[in-house]
Amino acid sequence: DRFVSLGADTDGGFMLTKPLACTGGKLHINAQTESDGFVCVAVREGKGVRDGEWPDFWRFEKCDPFTGDSLDHVVTWQGHDDMGGFPGEGVVRLHFWVENVRPYWFWFE
């Protein structure tokens with residue numbers, strides 16, 4: 001419900017979530033960047049012996065960086081936005097790379 005925000009200045013930063021249930025769909029974010037800011041998201045496996053592993057398609061370098069101000073931006077990786085093909089068992093960790101941004105919230109839909 002957007003009660004808290006996490007900020008990053010020009011030095012940037014990273015945030016790794018705890019394991020989250022993801023049954024597919026799209027990853028949405030609510031964030032505001034400065035003109036030189038961005039948000040990139042890598043999706044990591046979140047369960048069992050593969051917890052923390054980096055599947056190839058959902059890495060930072062494949063993420064289309066978000067810049068601007070949006071209450072509902074759909075994150076994409078090389079134009080692909082459906083997380084239904086994620087190789088885990090529906091449990092993921094989101095790894096955010098942020099710079100000059102105020103990220104407020106994320107959700108799956």
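The values are calculated or read from the model by the stated rules, or taken from the named source; none is laboratory data. Bear in mind the structure is a predicted one, so any value in this text is a computation, not a measurement. Because the Cβ atoms are built from the backbone with ideal geometry, glycine has one as well, and the counts that use them run over all protein chains shown. Note: accessible area is taken over every heavy atom of the protein model, side chains too, but ligands, DNA and RNA are not part of it. Shrake-Rupley method; radii C 1.70, N 1.55, O 1.52, S 1.80 Å.
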- Query: Just one of (1) 6.4; (2) 7.9; (3) 7.0 is mean projected area of the Cα convex hull in nm² calculated from these coordinates, so which is it?
  - Reply: (1)
- Per the chain, cysteines lacking a partner by the 4.7 Å Cβ criterion: Cys22
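Taking the mean number of other Cβ atoms within 10 Å as a proxy for protection, how do you rank 70-77, 52-59, 10-17 from highest to lowest?
In decreasing order of mean packing, 70-77, 52-59, 10-17 become 70-77, 52-59, 10-17.
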- Output the relative contact order of the chain, whole-number percent, from Cα pairs under 8 angstrom with separation of 6+ residues. 50 percent
- Can you tell me the accessible area per residue over the chain, all protein chains present, probe 1.4 angstrom, in square angstrom? 56 Å²
- Task: Among the lysines, select those whose C-alpha is under 19 Å from the C-alpha of Lys47, and discard any that sit fewer than 8 residues away in the same chain.
- Result: Lys18
- Among the lysines, select those whose C-alpha is under 21 Å from the C-alpha of Lys62, and discard any that sit fewer than 8 residues away in the same chain. Lys26
- the chain, accessible surface, carbon-and-sulfur percent (1.4 angstrom probe): 50 percent
